2 protein chains.
Amino acid sequence: MQKITISAQTIDTHYAVLNRIGGLGDQPQDGFSRAAYSDEETAAMQYIEQQAMQAGLTTRWDAIGNLCVETKQDHADWVECGSHVDTVSQGGNFDGLAGVVAGLVAIIACKDLKRAHGLRLRVWRGEESASFGITSIGAYAAFGQLSASHLEASYDGQSLAQAMLAQDAQPHTIQAGKASINQHELDHILAHIELHIEQGIVLEKEGVDIGIVSGIRASARFWVSLEGEFDHSGATPMGTKYRKDSHLALAYILVGLDQLLKEYQSKTPQLDLVQTIGHINNHAEHNAQKQATAQHAISKVSGYAYFSFEVRSCDDQLRQRYLEEAKAFIKKTAATFVVQANIQTISQSTGVPKLDAQLQQQSQHICDAFGYRHRSLASGAWHDAALVAQQQQSRLKNVPVAMIFIPCLKGKSHAPEEFSSSQQIAKGASVLATLMQQGHE
Amino acid sequence: MQKITISAQTIDTHYAVLNRIGGLGDQPQDGFSRAAYSDEETAAMQYIEQQAMQAGLTTRWDAIGNLCVETKQDHADWVECGSHVDTVSQGGNFDGLAGVVAGLVAIIACKDLKRAHGLRLRVWRGEESASFGITSIGAYAAFGQLSASHLEASYDGQSLAQAMLAQDAQPHTIQAGKASINQHELDHILAHIELHIEQGIVLEKEGVDIGIVSGIRASARFWVSLEGEFDHSGATPMGTKYRKDSHLALAYILVGLDQLLKEYQSKTPQLDLVQTIGHINNHAEHNAQKQATAQHAISKVSGYAYFSFEVRSCDDQLRQRYLEEAKAFIKKTAATFVVQANIQTISQSTGVPKLDAQLQQQSQHICDAFGYRHRSLASGAWHDAALVAQQQQSRLKNVPVAMIFIPCLKGKSHAPEEFSSSQQIAKGASVLATLMQQGHE
């Protein structure tokens, strides 16, 4: 086996520059905000482009604004890696970026070696849903899976279409329902590999260097709004005969959802299902649009409340079954408080129960060759690679996809404390480089 | 009995002007925002001043910015009425204002009649806590019961001190701990009467014209904040081993508080205790100050949440006992979610278990003389009159206080739908005028 070793120093060199793009303070620990289709996201991508060009690689931007870095030799088939550089608001600098940096250095390390296939890095736009409420904007659009209505999603005072135009991307591609990756390009992807931080604490807790991902959880996301009636808090007697209290309904709904999930867990050990209430009444865009959100007072019974509701699982059927029960519970509980519940779907993605078995086996062998501790695990978070894994090639097989996880400190992610060391990234990049050089065996 | 009858038309005349001060749209139904110490509050008070002057009454402003309207004859003793003209944000035009208009027309109707006492209307500043988080600012300050720290409370980008100065009031009176009503003035109040809309639905439901108030509930108000930890929603397993979920803790706390109150109610029928969660995560000032409030995302476990917690009762001992149990429950529940609860007192006022018995009896007789349906009831809401009732005169008795309630549509208050008809206000004003003319028998 031809092992390609990446040094921590190589990782450090790139991070020294990238730590200054979209940072919220003088120190990386102050956190990062690089929204989808922001100047900061573009600046980070331009740094990757420039480094690739300096290393003698080819670069191109697709119509969606995704960046492709490719080796120059003339190959029919390609082994790809990919990830993203955008962050959630006040996030860290490793979710996404670690995979892009690892991919860049892996391809640079391999570029002059002999191979039967070309190497490609895809830097996707806007993987985080935090900006426009849409996950993996760049990847979905590249495969022609976004529609015109998505262009109206807004963030920070502008629509997605406006934000795209500001970064020289072409929203009309989405409007026209066109993919930026055509069937020919898709058919010639031998393998697609994404390196990513785990965003969980399993690897760190077990002292493992590399996680080899078995499957990817997808998410279903909803806004649930509760319309009751604003009333004077002192003069309106307790009880649903007098009060239509949105806050009380909200509390009972959230406790009930927690107990519903526990009921599922008690029936199935190791149940692959998590749910999260990320927002309660505090989504800036929503509050700017809905007048009722400003009517609250200490001395008023609440007439309006809302929350975000997210459910994740690799198992789409399980998730669907759970969601049906959860939605019925929300409606029923709201009604007992004389409150009207509206459930609006934000997004529903499909999970990937099993990533490519052959690539997982190769990854294990490579880790063993390096002497890295490794284990198999499911990804709790959605990744661009999941969408790639769902793409069908003309030979009626899906694109072979692998994911390599590296540990992150205390499992923290989507927060300024997010951290993986250069040593940890370098180990992952070494596995990535070696696997890309091998290709799909 | 000398009955003084006020016509609905007289009420209409004043409302025709006052409906245009601080209104949020062309129609009164669009709601009103007249904050404490705002230009709109002052404008409404100036209208009252001008009408009083035109009617040949004396007017003066105290150092706090409260307005006094008085009959001109030289009397040693006074029978007062009073209320306020400020509103909650997006409130209605009857909570407070109805009492001020009724008081003005009552005094005008009586001004030339023979009496052994003078008549006075007090228009208090800022009764609503919605602006600066302090209830009855004008009345508390007038009795020297606010302190320098209250002047730092902020609303709409300015401190209370700044807002007072902008309306020609003198914050240094509060700073110096001085009352604007001295002991001599206090000692010579024979009776103080506030007419107010019920802000509840008891009178309307029972078809009653006049509510004769037996006691006034006071409130205790708190901010409860919950500090957990922000985490990735997909990769952080469920359960308190991994998640420190502020939103989940909040939901369990609110449901537990609701059940605690129900427990109290089940032990004591007709329990005089209400609690309300007015804010969850949506207080503009708080959100502007606390960075963590902007860190939420659909895809994050919540690391920070807060809510306002209000408890009201006439019975201070009952309220205190309940609050101790409630606070212990909040702390204990937060701890089970590995979340830190902080409870900050906003205000704690003292209730008035019994208003003046003699004035209540006179009110009943007056209602009977007019043929108005009446009933006795406790006030669920706090009023300026409650504070007056707590003031001690030199003869070591409290100021004799009465309150007259009139029905309001569907019991709605603190909302644009708040409404009492001119006929309803006129009936209340007739009782008020007759009672003021009688004095304390």
**Q.** Length-normalised contact order for the range A:189-299 - Cα pairs under 8 Å, 6+ apart - percent
**A.** 19
Q: Over the alpha-carbon set of the range A:1-72, work out the extent along each principal axis and list the three values in angstrom, largest first.
A: 42, 34, 21
Q.
Going by amide H atoms built from the backbone, whose H comes under 5 Å of the H on A:Ser214, apart from near neighbours?
A. A:Leu377, A:Ala378, A:Ser379
Q | For the range B:107-153, projected area of the alpha-carbon convex hull averaged over all directions, nm² | A | 4.6
Q.
If amide hydrogens are placed 1.01 Å from N in the peptide plane, which non-local residues have theirs closer than 5 Å to the one on A:Gly31?
A. A:Leu24
Q: Could you go through the range A:204-220 in sequence order and give the Karplus-derived ³J(HN,Hα) for each residue, using 6.51 cos²θ - 1.76 cosθ + 1.60 with θ = phi - 60°, rounded to whole Hz, and x for Gly and Pro?
A: 4, 4, 9, x, 9, 7, 10, x, 9, 7, 8, x, 10, 6, 9, 10, 10
**Q.** Computed label-point distance, nm, for sites B:Gln358 and A:Leu165 using a 7 Å Cα→Cβ extension
**A.** 7.8
**Q.** Spatially proximal aspartates and glutamates relative to A:Lys3 (Cα-Cα < 19 Å; intrachain offsets below 8 disregarded)
**A.** A:Glu80, A:Asp112, A:Glu194, A:Asp209, A:Asp368, A:Glu441
Q | For the range A:169-209, convex hull volume per residue from C-alpha positions, Å³ | A | 137
Q.
Tell me the relative contact order for the range A:274-373 as a rounded percent, counting alpha carbon contacts under 8 Å between residues six or more apart.
A. 23
**Q.** Residues in the range A:247-279 reached by a label modelled at B:Lys332 [backbone nitrogen below 13 Å; 7 Å Cα→Cβ]
**A.** none
Q. Over the range A:321-441, with a single point scatterer placed on each C-alpha, what log10 of the ratio I(q)/I(0) does the Debye formula yield at q = 0.14, 0.16, 0.18, 0.19 1/Å?
A. -0.80, -0.93, -1.06, -1.13
Q: From other protein chains only, count the Cβ atoms within 10 Å of every residue's Cβ in A:404-416, then give the mean.
A: 4
Q.
At 0.36 nm per residue, and after removing the present C-alpha to C-alpha distance, how many nm does the segment from B:Asp30 to B:His172 gain when stretched out fully?
A. 47.4 nm
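If you wrap a convex hull around the alpha carbons of chain A, what volume per residue comes out, as a whole number of Å³?
Numbers: hull volume 64.6 nm³, N = 441.
Each residue corresponds to 147 Å³ of Cα convex hull volume.
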Q. Does the range B:344-396 come out rounded, prolate or oblate, given a ≥ b ≥ c as the square roots of the eigenvalues of its C-alpha gyration tensor, rounded meaning a/c under 1.5 and, failing that, prolate meaning a/b above b/c?
A. oblate
Q.
Quick check on my link table: of A:Lys327/A:Lys397; A:Lys290/B:Lys205; A:Lys262/A:Lys354; A:Lys244/A:Lys267; A:Lys397/B:Lys300; B:Lys262/B:Lys410, which ones sit more than 30 Å apart, alpha carbon to alpha carbon?
A. A:Lys327/A:Lys397; A:Lys290/B:Lys205; A:Lys244/A:Lys267; A:Lys397/B:Lys300
**Q.** Kirkwood Rh in Å, taken over the range A:30-82 so that all alpha-carbon pairs contribute
**A.** 12.6
Q: Evaluate peptide A:249-259: per residue, the Cβ atoms of other protein chains within 10 Å of its Cβ; return the mean as an integer.
A: 4
Q.
For the ranges B:72-80, B:359-367, B:259-267, B:194-202, what's the packing order if you count other beta-carbon atoms within 10 Å of each residue, average per peptide, and put the highest first?
A. B:194-202, B:359-367, B:72-80, B:259-267
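Direction-averaged shadow area of the convex hull around the Cα atoms of the range B:1-135, nm²?
8.6
Tally the DSSP beta bridges in the protein assembly as shown and give the antiparallel ones as a percent, rounded to 5. All intermediate terms of the calculation are to be shown ahead of the outcome.
On the way: 80 of 124 bridges.
Within the protein assembly as shown, antiparallel bridges account for around 65 percent of the total.
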Q) With each label point set 7 Å from Cα along the Cα-Cβ vector, what nm distance links B:Arg60 and B:Gln393? A) 1.9
Q.
Under 8 Å for C-alpha pairs, at least 6 residues apart: give me the relative contact order for chain A, rounded to a whole percent.
A. 25
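Order by neighbour count: A:Phe307, B:Phe222, fewest other Cβ atoms within 10 Å first, most last.
Neighbour counts put them in this order, fewest first: B:Phe222, A:Phe307.
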Q) With a sphere of radius 13 Å drawn around the Cβ of A:Glu128, what net charge do the other residues whose Cβ falls strictly inside it have (Lys, Arg +1; Asp, Glu -1)? A) -3
Q. Shape of the range A:235-291 from its Cα gyration tensor (a ≥ b ≥ c, root eigenvalues): rounded if a/c is under 1.5, otherwise prolate when a/b > b/c, or oblate?
A. oblate
Q) Given q = 0.14, 0.18, 0.20 Å⁻¹, what are the Debye log10 I(q)/I(0) values for the range B:288-392, with equal point scatterers placed on the Cα positions and solvent ignored? A) -0.79, -1.02, -1.14
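Once the Cα gyration tensor of the range B:148-222 is diagonalised, what are the square roots of 5 times its eigenvalues, in whole Å and ordered largest first, as equivalent ellipsoid semi-axes?
The three semi-axes for the range B:148-222 are 33, 21, 12 Å.
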Q: Answer rounded, prolate or oblate for the range A:375-441, using the Cα gyration tensor with square roots of eigenvalues a ≥ b ≥ c: rounded when a/c is under 1.5, else prolate when a/b is larger than b/c, else oblate.
A: oblate
Q. In the range A:1-148, what percentage of the DSSP-assigned beta bridges are antiparallel, given to the nearest 5?
A. 60
Q.
Working only with C-alpha atoms, what are the Rg and Dmax values of the protein assembly as shown, expressed in angstrom?
A. 33.6, 114
Q. Which value, in nm² and rounded to one decimal, describes the direction-averaged projected area of the C-alpha convex hull of the range A:175-285?
A. 14.4
(Q) Above 14 Å lies some portion of the pair distances; for the range B:109-200, what is it as a whole percent of all C-alpha pairs? (A) 72
**Q.** Span from the the range B:360-402 Cα centroid across to the the range A:283-303 one, whole angstrom
**A.** 36
Q. Scaled to the compact-protein estimate 2.2 N^0.38 Å, what is the alpha-carbon radius of gyration of the range A:294-351, rounded to two decimal places?
A. 1.44
Q) How long are the three semi-axes of the equivalent ellipsoid for the range B:58-170, computed from the Cα gyration tensor as the root of 5 times each eigenvalue, in whole Å, largest first? A) 29, 16, 10
Q.
If you average the alpha carbon positions of the range B:127-201 and of the range A:36-61, how far apart do those two centres end up, in angstrom?
A. 61
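Computed from the coordinates by the stated procedures, all read-outs in this text should not be read as laboratory data. Since the structure is predicted, the reported quantities are computational estimates derived from the model, not experimental observations. Neighbour counts run over all protein chains shown; Cβ positions are idealised from the backbone, glycine included.
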